[in-house]
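Notes to accompany the following structure.
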Amino acid sequence: MAKRHSRLVSKIDINMTPMIDVVFQLLTFFMLTLKTVIVEGDFNIKMPLGAAAGAADEIPLPPLQVRMTATPEGRLAGVRLGERTMVGQELLETLAGTDAAIEAALANARGDPAGLAAARQTRQAAVDALVATLQAGILDTFGNDPAKAEDAELELNCDPGLKYDYVVSAITAASGILRGDEVIPLIQKIKFAPAR
């Protein structure tokens, strides 16, 4: 018997689709698990511009200290900028009186909308006076030049029981002055004194 050779040529096809699927899945996996390095914090570093050799470094200013004391009720009892008393007794009494009027109007079950609105308006005027007084004291410290205040540092030392809106007023006063529609920056570095 003669051998019959099959002329059927069997061609083996390699199916590339599963391999491409696996490659894309691996690529997707590594792209999704990649962790990028995130810069921690804002590094605002100012390098000197080639100072002459032997030049003395400028001595940094000590931080300005604002001391805000509170009454047992959390009202503002006094404000000092360094060793100077910044807020007079009349303004402190106005702030305390408006705080008491607002608290009384809120405690009243029926409420007095007109009295509450008037007390809030009077209190806002007193807070604006507080901000203006602190800004004047800060500007006076730097010879009324806001540009000199930008590199300074302010330390707020507030009593723990002080109402938070007084602290916000002090931060507002120190951070910039509003002249017309323009905000002129003052102190950019503000920190809180450690708790005692």
Task: Verdict on residue 17 being at pLDDT 85 or above, surrounded by 10 or more Cβ atoms within 10 Å (Cβ to Cβ) and on the phi < 0 side of the Ramachandran plot - done: no
Open item on the list: For the structure I just gave you, tell me whether residue 138 is within 22 Å of the chain's Cα centre (by Cα), assigned to a helix (DSSP H, G or I), under 17 Å from residue 82 (Cα atoms) and touching a residue at least 24 places away in the same chain (Cβ under 8 Å).
Closed with: yes
Open item on the list: Checking residue 156 against (1) surrounded by 16 or more Cβ atoms within 10 Å (Cβ to Cβ); (2) closer than 17 Å to residue 185 by Cα; (3) in contact with a Phe, Trp or Tyr (Cβ under 7 Å, 6 or more places away or on another chain), only one condition comes out false. Which one?
Closed with: (2)
Task: Selected residue [in contact with a Leu (Cβ under 9 Å, 6 or more places away or on another chain), closer than 22 Å to residue 78 by Cα and among the acidic types (Asp, Glu)] from 99, 145, 151 - done: 99
Open item on the list: I'd like the full set of residues that are assigned to a loop (DSSP other than H, G, I, E, B) and among the basic types (Lys, Arg), limited to the stretch 152-195.
Closed with: 163
TODO: Scan 97, 74 and give me the residue that is touching a Lys or Arg at 6+ places or on another chain (Cβ under 8 Å), at pLDDT 75 or above and either surrounded by fewer than 10 Cβ atoms within 10 Å (Cβ to Cβ) or over 16 Å from residue 133 (Cβ atoms) (or both).
DONE: 74
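The values are calculated or read from the model by the stated rules, or taken from the named source; none is laboratory data. Values in this document were obtained by computation on a predicted structure and should not be read as measured data. In this analysis, Cβ positions are derived from the backbone assuming ideal geometry, glycine residues included, and neighbour counts consider all displayed protein chains.
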